[in-house]
Every structure is written in structure tokens, then in C-alpha cells.
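A.B. asks: Encoded as C-alpha cells, here's the structure I'll be asking about.
The values are calculated or read from the model by the stated rules, or taken from the named source; none is laboratory data. These numbers come from a predicted model, not from an experiment. As a convention, Cβ positions derive from the backbone with ideal geometry for all residues, glycine included, and neighbour counts pool all protein chains shown.
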Amino acid sequence: MVLVARTADALEQVKAQIQAAGGTADIRPCDVCDGEALNAVIEEVASTHGRLDILVNNAGMTRDGLILRMSDEDFDDVLRVNLRSAFVACRAAARPMMRGRFGRMVNIGSVTGLVGNPGQANYAAAKAGLVGLTKTLGKELGSKGITANLIAPGFIETDMTVNLPQKLKDEVCKTIPARRFGTADEIAHAVAFITSDGAGYLTGQVISVDGGLAM
């Protein structure tokens, strides 16, 4: 497993957790907004390991604001991180996957990209773009033994939601049939299935892991 992110300290923390669980991981610090650097990292990983079987795009950021107050910069920055980086990574990964006649591409989207959300025009547009990108990849690469699927999480207990006021969390939970936020482990389990041999006939799909929020 190779971990790629901008912050080396964060990569080291995740690597330590993987090793504590009995796994192995390498790290590659890289700003995913730098298309040339990201492309070079993916090519280097494929060359070093001889193949590239699985790609999971999980980079994300928010710059929330109502559309009348949202700047061009806030819109562009969110699309650059949440959508363009995934496009660059998928394009780079497609080459070694095609050579190996096998690949699993997973993009982490959001239910916001399916139903929208006030104050998140940029975030919703980026995540909706991931849906179109994923489905297109599924059609372009399916005959090469490569699948492409998208997981659309709902409200998940992460650094992005930990600081939400408890009153707001309680109100949100009332709109979720499961009546709770999801966990990162539950998203990981969905990724594990999508990348398994048992999911070889699953491609171009959007799988909502949201406790029923977007039904």
C-alpha cells in the first residue's frame, strides 16, 4: 500500500496505524493539486512495484458559502482538490492498469453531489463531477479489466464534522434513517468490497454509504 497526501506528518501517522494493525505501507508526500507531481508519483509507484492494481481518490476540502458570496477562487480551489486531482490520478493509473489487464478505481464522492446542499455549490459541483467521471471511466476501461466506482458517504465522523455544534449534529441525525453519523471504518469496508475480486462485475456505480440519508 502506498499513501499519498500533502502533509508528511499525517502520512506518518496513518502509516504507523497500518503497521500497528499488521500491514505495510509506503508514503509519498505530494500536493495532489500539482498535476505534474501527482502524475510522477503514480508513475514511480507503478514502476517500483511493477504494477498498480488499486487507486482510491479520497482528497477533499470545503470552502462553504452561499453562491452570492462565493468567490471564483473558492469555487476553483475546491474543484481543483476534489475533482481535478481525481481526474489526474485516474488518468495516470489507467496506463499501468491497462498493461496489467486489471484495476480497481474508487472515487470518494458525497451524497451532496447527488442531492446538493445550500452553501456548498463548489463542493456539490465537484462531487457531482466525480459521478460523471466515474461512470465515463467505467465505460472506457471496462473492456480492459478495470472497474471504476464511486462511494458517496453521508455524514461521517471525521475531522470535517468533529467540530460541528452538537445541536446541529442532533438535528442532522433526525434526518438520517439510521439516526447516527457513519464511521470511517464503514466507508473502508465499502472500499474493501469494491476493490475485491468479488466486485469484478461492478463498475460505473454510485454506492451511497449514508444511513439512508439520500433515499
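A.B. asks: Going by the structure shown, is M215 at pLDDT below 95, under 30 Å from D72 (Cβ atoms) and either in a loop (DSSP other than H, G, I, E, B) or over 15 Å from the mean Cα position of the chain (by Cα) (or both)? Lay out the reasoning, then the answer.
C.D. replies: Details: at pLDDT below 95: yes; under 30 Å from D72 (Cβ atoms): no; either in a loop (DSSP other than H, G, I, E, B) or over 15 Å from the mean Cα position of the chain (by Cα) (or both): yes.
No: the conditions fail for M215.
A.B. asks: To continue, here is another question. Could you list all residues from region 190-212 that are assigned to a helix (DSSP H, G or I) and within 14 Å of the chain's Cα centre (by Cα)?
C.D. replies: Filtering region 190-212 for residues assigned to a helix (DSSP H, G or I) gives 190-194, 197-199.
Once the filter is applied, which keeps residues that are assigned to a helix (DSSP H, G or I) and within 14 Å of the chain's Cα centre (by Cα), region 190-212 yields A190, V191, A192, I194.
Residues are listed down the side, and each one gets a yes or a no for (1) hydrophobic (A, V, I, L, M, F, W, C); (2) crowded, with 21+ Cβ neighbours inside 10 Å; (3) farther than 26 Å from T195 by Cβ:
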residue	(1), (2), (3)
F102	yes, no, no
S143	no, no, no
Q166	no, no, yes
K169	no, no, yes
V172	yes, no, yes
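A.B. asks: Related question: Out of A93, A59, A46, I need the residue that is surrounded by 15 or more Cβ atoms within 10 Å (Cβ to Cβ) and at pLDDT below 95. Which one? Talk me through it step by step, then tell me what you get.
C.D. replies: Values: A93 fails: at pLDDT below 95; A46 fails: at pLDDT below 95.
On inspection, the qualifying residue turns out to be A59.
A.B. asks: Further question on the same structure: For the list (1) on the phi < 0 side of the Ramachandran plot; (2) free of Cβ contacts under 8 Å to residues at least 60 places away in the same chain; (3) of a type outside the set (S, T, Y), I need the number of the one condition that G22 fails.
C.D. replies: Failed condition: (1).
A.B. asks: A further question follows. Would you be able to tell me the number of residues in region 66-78 that are farther than 13 Å from D34 by Cα and in a helix (DSSP H, G or I)? If you could, list the steps in order and put the result at the bottom.
C.D. replies: Within region 66-78, the subset farther than 13 Å from D34 by Cα is 66-76, 78.
Filter again for in a helix (DSSP H, G or I), leaving 67-69, 72-76, 78.
Result for region 66-78: 9.
A.B. asks: I'd like to check something: does region 23-33 contain any residue that is surrounded by 15 or more Cβ atoms within 10 Å (Cβ to Cβ), within 23 Å of M97 (Cα to Cα) and charged (D, E, K, R)?
C.D. replies: Yes, region 23-33 contains a residue that is surrounded by 15 or more Cβ atoms within 10 Å (Cβ to Cβ), within 23 Å of M97 (Cα to Cα) and charged (D, E, K, R).
A.B. asks: Any residue in region 150-172 that is within 29 Å of D77 (Cα to Cα), under 19 Å from the mean Cα position of the chain (by Cα) and in a helix (DSSP H, G or I)?
C.D. replies: Looking through region 150-172, none of the residues is within 29 Å of D77 (Cα to Cα), under 19 Å from the mean Cα position of the chain (by Cα) and in a helix (DSSP H, G or I).
A.B. asks: Tally up the residues in region 20-65 that are in contact with a strand residue (DSSP E or B) (Cβ under 8 Å, 6 or more places away or on another chain), over 21 Å from T134 (Cα atoms) and assigned to a strand (DSSP E or B), please.
C.D. replies: Of the residues in region 20-65, 4 are in contact with a strand residue (DSSP E or B) (Cβ under 8 Å, 6 or more places away or on another chain), over 21 Å from T134 (Cα atoms) and assigned to a strand (DSSP E or B).
A.B. asks: Okay, next question. Taking region 197-208 only, how many residues are of a type outside the set (A, V, I, L, M) and surrounded by 12 or more Cβ atoms within 10 Å (Cβ to Cβ)? Write out each step before concluding.
C.D. replies: We begin by selecting, within region 197-208, every residue of a type outside the set (A, V, I, L, M); these are 197-198, 200-201, 203-205, 208.
Narrowing the set further to residues that are surrounded by 12 or more Cβ atoms within 10 Å (Cβ to Cβ) leaves 203-205, 208.
So the count comes out to 4.
A.B. asks: Across region 111-139, which residue is nearest to S208 (Cα to Cα) among those that are of a type in the set (S, T, N, Q) and out of contact with any Phe, Trp or Tyr (no Cβ under 9 Å at 6 or more places or on another chain)?
C.D. replies: T134
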